[in-house]
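Remarks on the structure that follows.
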Amino acid sequence: MLAFGTAFYIPLGARRGAIQGTYSFRVFGVNLILEGLIRLLGAWILIRLGMGASGAVLAGVAGVIVAYFFAFTGLKRVSGSSAHVMVSFREGMQATIFFIGQVIINNFDIVLAKHFFPSEEAGLYAAVALVGRVVNMCAWSVVNAMFPMSAGAQSKDREGSSILKTSLLMVLGILTILMLGIWMVPSFVWNTAFGARFEITAYGSIPSLLMLYAVSTGIYSLSAVIIAYEMSRKIANTSWVQLAFGGALVLGIYMFHDSLRQMILVQLVLMAFLLAIVAVPVSWSSFMYESRPLPETFGKIRRRRLITEEEAIAEFLKNEFHHEEFDPYRSKIERLVSVPDLKNSDENALRRALLFLRRGAMWRELPDDTQWFEVDIATADLEGIRVFPRAQWRKVSQGSFFLNDIIQEIRQESAEDPDDEFFAKLRRLSTEETVNPTVLLIGVNDKEPLTILDGNHRIAAAMLVAPETVLKRFRFLCGFSPRMTECCWYQTNVTTLWRYAKNLVRYMPYDPETDIGRFLQSEP
């Protein structure tokens, strides 16, 4: 019966692959549900009719056959067309290795449990492993959608880190809900579902084994998401790593199988190592993505004059002063912001406190040796300018924060979703007169990429309407430091984010409103 079902299961996989490839996820989901319902209801009916295990197998085969005939791809053959798709042996082999490794990791522990333990304990382990199957299948549903979307983004030369992050967050959410459910369900429910003998004192508490197994399978599910992503983006062939860990799992259980718990602990440790290893290539790729070579025409930036940090802060504050945080002080300090006296040390200190009211965490990340210049920028230098890598910009970046790439993406996405609040804001800015034309940039030097610290929205709005006017419309101030790579706003990685977190804790007691109040009381 299984052999007969396999004759339909293999072409069913091809049909479902076509459905995934055309993003018909609703059809794909309905087909999976149809197969699952036939398996479940068919097994229940046939077992009650006395067919036993054979009835369960027959129901599974029937589910596959029915799903095959209802897997509608929606593809039509074009008569007379000579178009064809080249089949890559390398990618086919990569997928084969991936699924072989997945089968070993998901199933061989049950085989080994039946080998090493009496039938009753092996059956208990198989029941525990069912929870792992639920966890894995829920996570795999995310992979089914992620893989074709990521591959499609790759074919359009778009970075897919947002797809990976979304997929990992979805899987983490699924795992959290399932594990909370396992933890909250009392033991008597498991005894009711599986029978009074489901809990064997000699092997510890079965519910605790369920949680332990779910954690192990959850970690592996995260690895499967990353491996599938790396395959779709052609970042690395970590399916071989997974296969090697499948072999290590078999060897580990052969060596350590004194109890059911020990078997699960072997898997937990190995799956944790697998996750750490397969995450390395995609992590490295994401850190290195933006270090692309700049055009030879880049580097025409001319430093007009050296300016003080106080002047840079004053210009930054002008751009921030419309926010509601400054409402309590607006009537008293509007002149101080709009017409700053840069020679007045008390005013400079007050402006710094005012800026830190809203942007302290940002400004503190700049290196202490940052020097500020007013600069002239040539048209070619726009190729090496990046927008601020946070907030709404991440949603439209597709992994590249370079200004020209962002503008191209905004044009496309705003046409598809013109009512989006972010795009509407850019349109409003493009029609409004700029109150303060000063834009703040940061960089290592004038030969390396620059990042817009303040002025992202204004620059983007102008680029969308008339790119040729940007250099005439705005005044550019740039902060240079050889240590700018230590700043998370310029280069985001584990080290710079850790520095940012430490600074947040370090300056948490500081209250800029206290300084503002003291300065205002001392001034007429």
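Values computed for the structure shown
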quantity	calculated
Any hit, the range 507-520, residues being touching a residue at least 40 places away in the same chain (Cβ under 8 Å), outside any helix (DSSP H, G or I) and touching a Phe, Trp or Tyr at 6+ places or on another chain (Cβ under 6 Å)	no
Any hit, the range 498-511, residues being farther than 26 Å from residue 354 by Cα and touching a helix residue (DSSP H, G or I) at 6+ places or on another chain (Cβ under 8 Å)	no
All positions within the range 466-498 that are in a helix (DSSP H, G or I) and open to solvent by 60 Å² or more (accessible area, probe 1.4 Å)	468, 472, 473, 486, 494, 495, 497, 498
Scan of the range 342-367 for residues that are within 32 Å of the chain's Cα centre (by Cα), charged (D, E, K, R) and open to solvent by 20 Å² or more (accessible area, probe 1.4 Å), ordered by number	358, 359, 364
Check on residue 387, buried (at least 20 other Cβ atoms within 10 Å of the Cβ), of a type in the set (A, V, I, L, M) and modelled with pLDDT under 75	no
Where a residue in the range 312-328 is farther than 14 Å from residue 455 by Cβ and modelled with pLDDT under 90 and its partner, wherever it lies, is part of a helix (DSSP H, G or I) and not charged (D, E, K, R), with Cβ under 6 Å and at least six apart	321/337; 325/357
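Here is a yes/no grid of residues against (1) part of a loop (DSSP other than H, G, I, E, B); (2) open to solvent by 80 Å² or more (accessible area, probe 1.4 Å):
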{"site": "10", "(1), (2)": "no, yes"}
{"site": "32", "(1), (2)": "no, no"}
{"site": "40", "(1), (2)": "no, yes"}
{"site": "54", "(1), (2)": "no, no"}
{"site": "58", "(1), (2)": "no, no"}
{"site": "66", "(1), (2)": "no, no"}
{"site": "77", "(1), (2)": "yes, yes"}
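The values are calculated or read from the model by the stated rules, or taken from the named source; none is laboratory data. All of these numbers come straight from a predicted model, not from anything done at the bench. Methodologically, a virtual Cβ is constructed for each residue, glycine included, from the backbone with ideal geometry; neighbour enumeration extends over all protein chains shown. We work out accessible area using only protein heavy atoms, side chains counted, and drop any ligands, DNA or RNA first. Shrake-Rupley method; radii C 1.70, N 1.55, O 1.52, S 1.80 Å.
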